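Undergrad: Okay, handing you the structure first.
The values are calculated or read from the model by the stated rules, or taken from the named source; none is laboratory data. Everything numeric in this text was worked out from a predicted model, so none of it was measured. Cβ coordinates were reconstructed from backbone atoms using ideal geometry, including for glycine residues, and neighbour counts include every protein chain displayed. Ligands, DNA and RNA are stripped out before the accessible areas are found, and what is left, the full protein with its side chains, is counted by its heavy atoms. Shrake-Rupley method; radii C 1.70, N 1.55, O 1.52, S 1.80 Å.
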Amino acid sequence: MASKRPTPKLSSIDELLLLSEEAKVPETMTGTGVTQLLLSDLVPFYNHPFKLYEGNKLDELVESVMENGVLIPIIVRPKEPNGYEILSGHNRANAAKAAGLISVPSIIMDNLTEAEAVIIVVDTNFHQRSIQDMLPSELARALHMQLEACKEAKQKQNKLNQLEKAENPSHSSVSEASVPVGQGAWSVIEVSEKNDMSPTNIKRYLRLNHLVPELLERVDQGEIKLRPAVDLSYLKLEEQQTVETLIQEQGYKVDMKKSELLRGKSENRHCTKQIIKSILSGEATRRPKSKTPAPFKLKHKIYTKYFSPDSKAAEVEEIIDKALTLYFSQHPKENHDPDKEEFQ
């Protein structure tokens, strides 16, 4: 394993990214805090939320590494009992292996809390890729990890504030901004500002983490849109599995109207397999066929054959009624009830 220089403690992700972008010479040692680490000593982050490059995208990165080396150092943390865990640069490490490299330039981050490690994993990916380039499942997992890390950081800060207040009674109160009152809401707002997303959209993507994997895959493939997927996430797991089975077997589509109906039935505990099928098939929202006969108009040539232009409508109706009664009395028709017939 290559030796390493002491790594300065960086105060923010932005400074870390700046350092990694400036260190672009893949020699044995370049720049403060950058060292070469053996690829055999690296392991992926244990809870990496992003899908790694495959196919053409990976081939292009491998070709770039073969021509130019790994220009931007990866970011790692020491892993006990030995080796290093990748926080940022999983695709670069994979491409370096495929290109036949033995080592990669790396920035080693020591003494990280779990929350700080998660923030590096998620934030560096958000810096390197746009949200639009991420799959919904990736974004959902990443936002969840980011949110939990923000909560942990706030809890830690609150404990520090409480200790400081106890040790120094002259501090009359702790700033509202540092106290995690309504912590969930504060954290969502912080994640929202960090990623330039509305809090509503943050909450919608977070709901995707409650979908069964098969339905989440359909969201990634674009078969189910975000809003219907959010409704489906409120269904019980067995109800979601029934939805997935029916989609797979019958090819049903899920739109907003169907998803809202399913969620409502689930919340009212009336979401049986038969009800789910009737909603997905469209039967539940299909208008029943009208039992009222379609309006009927008497052709002009027939009307003038039996009635004069001066005939009143009431008289015409009365004559037609009597004529039909006489006709059907002589020509009975099965299941016919003349009292139920209506003519216009």
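Undergrad: Go through the range 34-61 and count every residue that is touching a strand residue (DSSP E or B) at 6+ places or on another chain (Cβ under 9 Å) and part of a loop (DSSP other than H, G, I, E, B).
TA: Adding up the residues that qualify gives 4.
Undergrad: Right, here's the next one. Mind checking which pairs have a first residue in the range 273-296 that is over 20 Å from Q248 (Cβ atoms) and of a type outside the set (G, A, S) and a second that is at pLDDT below 90 and not in a helix (DSSP H, G or I), Cβ under 7 Å, 6 or more apart or different chains?
TA: Final answer for the pair search is P293/E342; P295/Q344; F296/F343; F296/Q344.
Undergrad: Could you check, for the range 156-171, whether at least one of its residues is of a type in the set (G, A, S) and at pLDDT below 75?
TA: Taking every residue of the range 156-171 in turn, at least one turns out to be of a type in the set (G, A, S) and at pLDDT below 75.
Undergrad: A follow-up question, please. Being in contact (Cβ under 8 Å) with a residue 60 or more places away in the chain and either aromatic (F, W, Y) or surrounded by fewer than 16 Cβ atoms within 10 Å (Cβ to Cβ) (or both) is the filter here; which residues of the range 197-216 pass it?
TA: Listed by number, the residues that qualify are Y205, N209.
Undergrad: What about S64, is it of a type in the set (S, T, N, Q), touching a residue at least 24 places away in the same chain (Cβ under 8 Å) and in contact with a strand residue (DSSP E or B) (Cβ under 9 Å, 6 or more places away or on another chain)?
TA: Numbers: of a type in the set (S, T, N, Q): yes; touching a residue at least 24 places away in the same chain (Cβ under 8 Å): yes; in contact with a strand residue (DSSP E or B) (Cβ under 9 Å, 6 or more places away or on another chain): no.
In short, no.
Undergrad: Would you check if L87 is touching a strand residue (DSSP E or B) at 6+ places or on another chain (Cβ under 6 Å) and within 30 Å of K151 (Cα to Cα)?
TA: Numbers: touching a strand residue (DSSP E or B) at 6+ places or on another chain (Cβ under 6 Å): yes; within 30 Å of K151 (Cα to Cα): yes.
Judged against the criteria, L87 is a match.
Undergrad: Looking for something in contact with a Pro (Cβ under 9 Å, 6 or more places away or on another chain) and more than 26 Å from E63 (Cβ to Cβ) - is there at least one such residue anywhere in the range 128-138?
TA: Start the filter on the range 128-138 by keeping residues that are in contact with a Pro (Cβ under 9 Å, 6 or more places away or on another chain), which leaves 137-138.
Restricting the remaining residues to those that are more than 26 Å from E63 (Cβ to Cβ) gives 137.
Yes, the range 128-138 has at least one match.
Undergrad: Could you list, in sequence order, the residues of the range 70-86 that are open to solvent by less than 10 Å² (accessible area, probe 1.4 Å), farther than 14 Å from D41 by Cα and within 32 Å of the chain's Cα centre (by Cα)?
TA: The one that is open to solvent by less than 10 Å² (accessible area, probe 1.4 Å), farther than 14 Å from D41 by Cα and within 32 Å of the chain's Cα centre (by Cα): P73.
Undergrad: Search the range 130-149 for residues being touching a residue at least 12 places away in the same chain (Cβ under 8 Å) and part of a loop (DSSP other than H, G, I, E, B), and hand back the single one that is least open to solvent (accessible area, probe 1.4 Å).
TA: From the range 130-149, those touching a residue at least 12 places away in the same chain (Cβ under 8 Å) are 131, 134-149; that's our starting set.
Within this subset, residues satisfying the condition of being part of a loop (DSSP other than H, G, I, E, B) are 134-135.
Values: M134: 16, L135: 54 Å².
The qualifying residue least open to solvent (accessible area, probe 1.4 Å) is M134.
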